[in-house]
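Just so it is clear, none of the values below were taken in a lab; they were calculated from the coordinates. Computed from a predicted model, the values in this text were never measured in an experiment. Note that each Cβ is placed from the backbone with ideal geometry, even for glycine, and that neighbours are counted across all protein chains shown.
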Amino acid sequence: MSQTMTHDQTMTQEHFNRALRTGQEAISTAVRTWGEAVQTAMGIGTGRGELPTPAHLVDGWFDIASEMLEAQREFAEGVLGLGNPAIEVMSRAAQQTAEAIEQSTHAASEEADRAVSTARRQRAERPADRADAAARKDG
């Protein structure tokens, strides 16, 4: 059993290490790409040999911010889009559960009504049965 646990632990550790490396590579690529985009937008490192003006820096900054905001919007809409099918499934399940409860409640109510009717009928018949029994006894 200890060999199985060791194997499972090893597999988990390898999976974690792969995920960690992939995450580090993705972050490194994103930072490098972002840095290159900022340099390009700001006119830095283009070999032009001149510094960007303050107006150019402000324009570049807001252009980048606008692009980032648009990317975040698309991401948020995508996440919401992923959640919609789950919400629909949960809504259908809740509706089906409510309908099943309603049917069960209706059936139980009808059964209770029948039981009450039967009990009332039996109670109403008892005095007549007693009177018949007394009359037979006297006769």
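List of remarks:
- FRET efficiency estimate (nearest 0.05) - Cβ-Cβ, Ala76 to Arg21, R0 25 angstrom: 0.35
- Full-extension gain in nm, Ile101 to Thr53, via 0.36 nm per residue minus C-alpha separation: 10.2 nm
- Using θ = phi - 60° and Karplus 6.51 cos²θ - 1.76 cosθ + 1.60, couplings along the range 51-63 (whole Hz; Gly, Pro as x): 7, x, 6, x, 5, 5, 4, 5, 4, x, 4, 5, 5
- Among the GluC sites (Glu not before Pro) in the range 8-39, none is located in a DSSP loop while being surrounded by at most 11 other Cβ atoms within 10 Å of its own Cβ.
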